[in-house]
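The structure appears right after this line, and notes come after that.
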Amino acid sequence: MLSDEQLARYARQILLPGFDIAGQERLLAASVLVVGLGGLGSPVALYLGGAGVGRLLLADDDRVELSNLQRQLAHTQAGLGTNKAASAAAAVAARNPDVAVEVIAERLSEPRLRELARGVDLVVDCTDNYPARHALNRACIAAGVPLVSAAAVRAEGQIAVFHPAAGGPCYRCLYPEAGAATALSCSESGVLGPVVGVLGSLQAMEALKLLAGYGEALVGGLLVLDLASLEVRRLSIAPRPGCPDCAACR
Ligand SMILES: [Zn+2]
């Protein structure tokens, strides 16, 4: 049962046909783990917090630096030098005290990731390297929860939803080489702020759709965007037979 304050706070989304009070109640009952509170994680945390996801676990062991503020909207000048998960948690709490926010300021080992994934409904991958993404992928498969993953560099980005338990592929079906060369990083290649903003916003949207049961989530799809030319492509990815990470759970 929603309070009057909740009905007012979430009025714009409750108004949506297909979302309604039932969708809001599902959000309020949901737990989400966001790994990485940088350029992607900032809009993810702010939008999921604003929308009233009941419990948000924010994980990052990094600190806010001056070069982050160009694009990492959850952090401010006053937060320089503080932990990114704590800084983002403060930004979420300032917007919506209705959300229980937990700060995980440690580097996550794989056993710890598995434990965290088992306790949530969905995981959002806002990390910036292959080993972390593969570890998150395995943890989500073990827990049977969807993984909303995105990456952005320069003016390009991509987003996919991995959910083998629902018949979709996993991250490793798309990137089979667990030990692949390190991904291009923003620190080496540069990135424009709105690029991570767009990709992080798309991640928040996919998460809200999956949690509230609204619309059609990007399970089995890969959206590739070039924001310099505004070219957008949607590709289909099939589960890879014999995938070492997800084949056993089919
Ligand atoms: Zn797979």
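Key figures for this structure:
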quantity: The chain: DSSP helices with Cα axial extent of at least 27 Å and average Kyte-Doolittle hydropathy no lower than 0.5; calculated: 193-212
quantity: Gyration tensor verdict on the chain (Cα atoms; rounded if a/c is under 1.5, prolate if a/b is larger than b/c, oblate otherwise); calculated: rounded
quantity: At most 13 other Cβ within 10 Å, DSSP loop - GluC sites (Glu not before Pro), region 31-121; calculated: Glu65, Glu106
quantity: Lys, Arg +1 and Asp, Glu -1 on Cβ, resulting dipole of the chain about Cα centre, debye, nearest 20; calculated: 300
quantity: Theoretical gain in end-to-end length, Cys249 to Asn129 [0.36 nm per residue, Cα-Cα removed]; calculated: 40.7 nm
quantity: Residue-span extension gain [Glu65 to Asp226] - 0.36 nm each, minus C-alpha spacing; calculated: 55.3 nm
quantity: C-alpha center-to-center spacing [region 212-238, region 13-83] in angstrom; calculated: 21
quantity: Estimated inter-spin distance, Leu2 and Ser189, nm [label 7 Å along Cα→Cβ]; calculated: 4.1
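Only the coordinates and a few stated rules stand behind these numbers; no lab work does. Note that the structure is predicted; figures quoted are calculated from it, not measured. No Cβ is skipped: glycine too gets one built from the backbone with ideal geometry, and neighbour counts run over all protein chains shown.
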